[in-house]
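Written below as structure tokens is the structure these notes are about.
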Amino acid sequence: MSLNRHIAVIGGGLTGLSSAFHLSRRFPDAFITLFEKHHRLGGWVRSERVDVGPSQQMILEAGPRTIRPSAKSILELVHLLGLKDSLITVPRTAAAAQKKFLCIPEDGRIQPLPASISSLVMSPFRSMLLSAVLREPFRQANRAPGSTDESVDSFMTRRFGKDFARTFGSALVHGIYAADSRKLSVRAAFPLLWEAEERGWGSATLGLLRSIQEEDVAYYEMGHTPSNMNNVSVFSFRNGISTLTDALKNYLMQQPNIQILSDTSVTSLDVNETEIQINKGMLKPSHVVSTIPLPALQKLLPSLPHLTANPSSSVTLINLVFPVPPNTFHPPGFGYLIPRPQDDYSPSTPGILGVIFDSCSLSSQDTPTTNNSFTKITVMLGGPHPLTEDHTKIPVVISQLEKHFGTKLPTPVLTRTYHHDKCIPTLTPGHLDRMAELKGVLKSGVWRGRLEVIGAGVGGVSVADCVDSGKRVGSSW
């Protein structure tokens, strides 16, 4: 691809920034233009350092906050962008790695999840877990003949039972997708489970126990960064996940062949056999990468299939900082999730999906790092819960937390509320087949492979998934 080739990247979130970064390295002679409709780049990633006392500062995250060490695409960026000294790691031996909790809606108090055989013996979930997991290998293979997908709830109900599916399956989906597990595709969201059932002759448990050989379909330039991840559970950065998006932005701004057009919406995208036009001829790129939500792309290209097939979850995040030392009113650990209520989602439920104990896992982001006298937590609400304005009022949220912790909470010294509208796509059953059909359309006809559609609405929703899709874009150009 020579200098007269021009690539347009639509969307300046994490996927768009990653795409522009990797495209600039793959095609160093091409010109790249990135469009972002907002003034700020980074999308849902947003970190803010705030003062919470005369000599105390904290990082508040409005979006994702931790990354798993298996995320090779992120480790590659850490290496290539020189972010190694900014890393903050949580060891596997830490309480935040070993201790996680559930809050059953009907009970209202948080309960620890077993992390070992000995803790399983005393766990309130002992009966449900033992019954589900020990019986699963002996259940007959029961996938419907010819089935190519199903919901997470359907899969877990088939293999582990209805109670397990509602308690653990719905809680897991709340924590990752903020969605109803009865609507989320197991094959798209948790492909390892689907593949394990096939590998285990109908048993997901046996399939997970069988070793599989991991293959990298792309080469990752990670340098010595993986050595920092030995015995690490999750990691972040000293100034939050925005460290990643800020570093990408700074890199792109320094490249002479890249222009960033913020505060610039793409209002039209037209194509014929010889030419692509953006905003009625404002730009005539040779190739286009769309990283925007699929429903937004559908407004530009209504002829493309399946762009509105999936709904999206809206999530409200509330950061709360209390004037007490960490682990004062909650046990040490990562946090807790709340399963789907037995009576289903309704406006009468509190609407809380889960709570993260930020000070327990990421206290080293706070300054000073010693003698910390504040506790930071994040409450996640919404998703499949129908929220009203009352649900997100701070006194209402705190009253619910007091029920979960079984104690009176002090008045917070700082709060931040973020309403993220339709921020996480729910990949419904059949999603992978629909995306395969979409890619087939883009490879043929007038597009002839000149448009690639990537992002959370196509692949996974994690930070690593978004960066990985940006790494692979344009590999066939």
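The values are calculated or read from the model by the stated rules, or taken from the named source; none is laboratory data. Predicted model only: the values in this text are computed from it and were never measured. Positions of Cβ are backbone-derived with ideal geometry, glycine not excepted, and every protein chain shown enters the neighbour counts. Surface areas here come from the heavy atoms of the whole protein model, side chains and all, with no ligands, DNA or RNA. Shrake-Rupley method; radii C 1.70, N 1.55, O 1.52, S 1.80 Å.
Would you mind working out the magnitude of the charge dipole of the chain relative to its Cα centre, with +1 at each Lys and Arg C-beta and -1 at each Asp and Glu C-beta, to the nearest 20 Debye?
Taking the Cα centre of the chain as origin, the dipole is about 320 debye.
At 1.4 Å probe size, put ASP358, ASP85 in order of accessible surface, largest to smallest.
Highest to lowest solvent-accessible surface, that is ASP85, ASP358.
Amide H of LEU414: which non-local residues (sequence gap of 5 or more, or other chain) have their own amide H closer than 5 Å, using H built in the peptide plane?
VAL321
What's the Cα-based Rg to Rh of segment 126-229, Rh via Kirkwood?
Looking at segment 126-229, the ratio lands at 1.05.
With a 1.4 Å probe and all protein chains left in place, how much of the accessible area of the chain comes from carbon and sulfur atoms, in whole percent?
Carbon and sulfur: 53 percent of the exposed surface of the chain.
What accessible surface, in Å², does a 1.4 Å probe find on VAL463, ignoring ligands, DNA and RNA and rounding to the nearest 10?
Result for VAL463: roughly 20 Å² accessible.
Counting only the backbone N, which residues of segment 429-448 are under 18 Å from the spot 7 Å out from the Cα of LYS284 toward its beta-carbon?
Zone members listed by number: 447.
Quick one: order SER361, SER476 from most to least accessible surface, probe 1.4 Å.
Per-residue accessible area, sorted high to low, gives SER476, SER361.
What residues have an amide H closer than 5 Å to that of THR349, excluding those fewer than 5 places away on the same chain, when H is modeled at 1.01 Å from N in the peptide plane?
Answer set, sorted by chain and number: none.
Roughly how many Å² is the accessible area per residue of the chain, as a whole number, for a 1.4 Å probe?
Result: 45 Å² of accessible area for each residue.
In segment 218-302, which chymotrypsin sites (Phe, Trp or Tyr not before Pro) fall in coil by DSSP and have 14 or fewer other Cβ atoms within 10 Å?
Those satisfying the criteria are TYR219.
For LYS299, go through the aspartates and glutamates and keep the ones whose alpha-carbon is under 13 Å away, minus same-chain ones fewer than eight residues off.
ASP270
Please give the contour-minus-distance gain from LEU192 to THR417: 0.36 nm per residue of separation, less the Cα-Cα distance, rounded to one decimal in nm.
77.5 nm
Would you mind checking the pairs LYS249/LYS439; LYS100/LYS403; LYS72/LYS249; LYS37/LYS280; LYS37/LYS84 and listing those with alpha carbons more than 24 angstrom apart?
Checking Cα-Cα distances, LYS249/LYS439; LYS37/LYS84 exceed 24 Å.
Based on DSSP loop calls and a cut-off of at most 10 other Cβ atoms within 10 Å, the longest stretch of the chain free of exposed GluC sites (Glu not before Pro) is what?
Excluding the exposed sites themselves, the longest stretch runs over 274-477.
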